[in-house]
1. Taking the stretch 34-72, which residues are more than 17 Å from Val109 (Cα to Cα), in contact with a strand residue (DSSP E or B) (Cβ under 6 Å, 6 or more places away or on another chain) and not in a strand (DSSP E or B)?
2. In the stretch 73-85, which residue that is touching a Phe, Trp or Tyr at 6+ places or on another chain (Cβ under 7 Å) and not basic (Lys, Arg) is farthest from Leu107 (Cα to Cα)?
3. What are the pairs, 6+ residues apart or on separate chains, where a residue within the stretch 84-97 that is part of a loop (DSSP other than H, G, I, E, B) has its Cβ under 9 Å from a residue that is of a type outside the set (Val, Ile, Thr) and surrounded by fewer than 10 Cβ atoms within 10 Å (Cβ to Cβ)?
Amino acid sequence: MALPTIDNFFTLTGDPEMRFSPSGKGVCSFNVAANKPKRENGQIVKDERGYPVNDKTLYLNCVAFGQLGEMIAEQAGSGSSVRLVGDLETQQWADKNTGEKRSKVQLVVDFARVILRRNQGQGGNQGGGFAQGGYSGQEHAPQGGWGQNPDQWANSNGPAQGGFSDEPPF
């Protein structure tokens, strides 16, 4: 069951895990968090330093396929800030041991842009903390569209256009 499309900024809560299917297709799994600021009388509440006070934190499982997943695994790590665009989907399965029905909601990522890279503050020049651009998982995008020209990624502001492959990861 497909749920709404998400386009938001998140923080990775751990390092991405990269796997490959028997056919060689990359699958990157990772978890992110997003904070919802506290509001009073329609205004965002800020602390003494001027930063928004968090009301709630949303934790979300994510998956990205192919070159998109490989880019995320290479450029992002625990604490990285990323912009993700994708569809929320519900996965359902039966527990191998108990046979109980299980389910989870995950974000199937169609577009990612690493805003702050891993190791950004650990000495040396790590690209100034900013990625060189985003990457779309749309491997069959129209000519000149997302995923065709890396120079367009850094200059683009919108999500990938086109369809998403429903091919299972394994």
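The values are calculated or read from the model by the stated rules, or taken from the named source; none is laboratory data. Everything numeric in this text was worked out from a predicted model, so none of it was measured. Reconstructed Cβ throughout: ideal geometry from the backbone, glycine too, with neighbour counts over all protein chains shown.
1. Lys38
2. Selected residue: Ser81.
3. Close Cβ pairs (under 9 Å, with a partner that is of a type outside the set (Val, Ile, Thr) and surrounded by fewer than 10 Cβ atoms within 10 Å (Cβ to Cβ)) amount to Asp95/Lys101.
Each row is one residue, and each column tells you yes or no for (1) at pLDDT below 90; (2) among the aromatic types (Phe, Trp, Tyr).
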site	(1), (2)
Ala64	no, no
Glu70	no, no
Trp93	no, yes
Lys101	no, no
Val109	no, no
Arg113	no, no
Ser136	yes, no
